[in-house]
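Participant: Pasting in a structure now, in structure tokens, and then I'll have a few things to ask.
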Amino acid sequence: ANYPSTHQNSIVEPVVKRVLAVLKPPPKLTVSQWADASRRLSAEASAEPGKWDTSRAEYQRGMLDAVSDPTIHTVVIMSSAQIGKTEVILNMLGYHIDQDPAPMLCVMPTVEMAKAFSKDRVEPMCRVTPSLKGKVVGAQARKGGSTQLHKLFAGGHLTMAGSNSPSSLASRPVRFVLCDEVDRFPLSAGREGDPVNLARKRSTTFWNRKTVLTSTPTDRDVSRIYMEWENSDQRYYMVPCQHCGHFQRLTWESVKWPKGHPQQAQIMCLSCGVLWSEAERQRSVLQGRWEVTCPEKAGTAGFHLSELYSPWS
């Protein structure tokens, strides 16, 4: 046999290495591990641009990692404002573009909000995050490029839709469904019925489908997110007192202030009665943990979080 010369080997070897690098499977990361390693925040879309750090709001770790947990098929996040929910959503989408490509559907209350989310949040994330650069097909691609509401990438696509547009909710099968601010969705998308159910039906053919529902709750009697959370394993974020170590939920009952001086409000430990400083509140949140209260409803991870935990409030 004629073997290639040393010169030929020097040409072939780099090509083989590049091919093998492409074929090499990505490391098995959780969503929070991916975000800590890869995610960047753009100056135009974040008050704290630069490298992502999940420990900045430690409660986000459990939410993020539920998405990459194969035993969980549905994630429900019922939260207040100012807890970083939008960035949590972006990390979920970025993870699937980079690590676990799949057809995805992200539903916002209206088409206009979906367009704004794409332009102001998704596109800047893909531009400044190194591991996402070049993965989303450009708009000028020869064989049909990405559009504002439909991003193409190897192994999948991301479609962004409005809950008020039945045609966009019934257009194509997807594995990953994310519905944001579901309490602001209309009761019916035209004549097609509940937009959340319409979106969910898009994933029925995938054995490894995942649904994420998020919202700030409205009135309990009609709140869609509250009903979904009641059907979940109902997780609360428990934090330790820096004085006695007792783990507890932060509720309005915990907030105390001198009569007539609400600007002096502090968290009071429900066990030892000590008032926490702001630094102690921040440390407690950093050391917190999610606790499941309805284990019989395993498979649907439900996260309940108020603004009392927020590092930005």
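Participant: For region 70-120, give me the residue count where each residue is closer than 18 Å to Ser215 by Cα and either surrounded by 18 or more Cβ atoms within 10 Å (Cβ to Cβ) or hydroxyl-bearing (Ser, Thr, Tyr) (or both).
Facilitator: Residues that pass the stated criteria total 27.
Participant: Further question on the same structure: Looking only at region 70-90, which residues are among the polar types (S, T, N, Q), touching a Leu at 6+ places or on another chain (Cβ under 9 Å) and not in a loop (DSSP other than H, G, I, E, B)?
Facilitator: Once the filter is applied, which keeps residues that are among the polar types (S, T, N, Q), touching a Leu at 6+ places or on another chain (Cβ under 9 Å) and not in a loop (DSSP other than H, G, I, E, B), region 70-90 yields Thr74, Ser79.
Participant: To continue, here is another question. Applying the selection to region 52-68, what residues are assigned to a loop (DSSP other than H, G, I, E, B), modelled with pLDDT of 95 or more and open to solvent by 10 Å² or more (accessible area, probe 1.4 Å)?
Facilitator: Selection gives Trp52, Asp53, Glu58.
Participant: Name the pairs: first residue in region 62-73 and more than 10 Å from Met92 (Cβ to Cβ) and β-branched (Val, Ile, Thr), second residue open to solvent by less than 10 Å² (accessible area, probe 1.4 Å) and assigned to a helix (DSSP H, G or I), Cβ to Cβ under 6 Å, at least 6 apart or on different chains?
Facilitator: Between residues of region 62-73 that are more than 10 Å from Met92 (Cβ to Cβ) and β-branched (Val, Ile, Thr) and residues that are open to solvent by less than 10 Å² (accessible area, probe 1.4 Å) and assigned to a helix (DSSP H, G or I), the close pairs are Ile72/Ala66.
Participant: Given (1) within 30 Å of Gln282 (Cα to Cα); (2) open to solvent by 80 Å² or more (accessible area, probe 1.4 Å); (3) modelled with pLDDT of 95 or more, where does Asp219 come up short, assuming only one miss?
Facilitator: Of everything listed in (1) within 30 Å of Gln282 (Cα to Cα); (2) open to solvent by 80 Å² or more (accessible area, probe 1.4 Å); (3) modelled with pLDDT of 95 or more, Asp219 misses just condition (3).
Participant: Can you find a residue in region 197-207 that is among the charged types (D, E, K, R), over 26 Å from Ala57 (Cα atoms) and outside any loop (DSSP other than H, G, I, E, B)?
Facilitator: Taking every residue of region 197-207 in turn, at least one turns out to be among the charged types (D, E, K, R), over 26 Å from Ala57 (Cα atoms) and outside any loop (DSSP other than H, G, I, E, B).
Participant: Scanning for something of a type in the set (Gly, Ala, Ser) and within 21 Å of Pro103 (Cβ to Cβ), does region 229-236 turn up at least one residue?
Facilitator: no
The values are calculated or read from the model by the stated rules, or taken from the named source; none is laboratory data. Since we're looking at a predicted model, the values are computed, not measured. Note that each Cβ is placed from the backbone with ideal geometry, even for glycine, and that neighbours are counted across all protein chains shown. Only protein heavy atoms, including side chains, enter the accessible area calculation; ligands, DNA and RNA are left aside. Shrake-Rupley method; radii C 1.70, N 1.55, O 1.52, S 1.80 Å.
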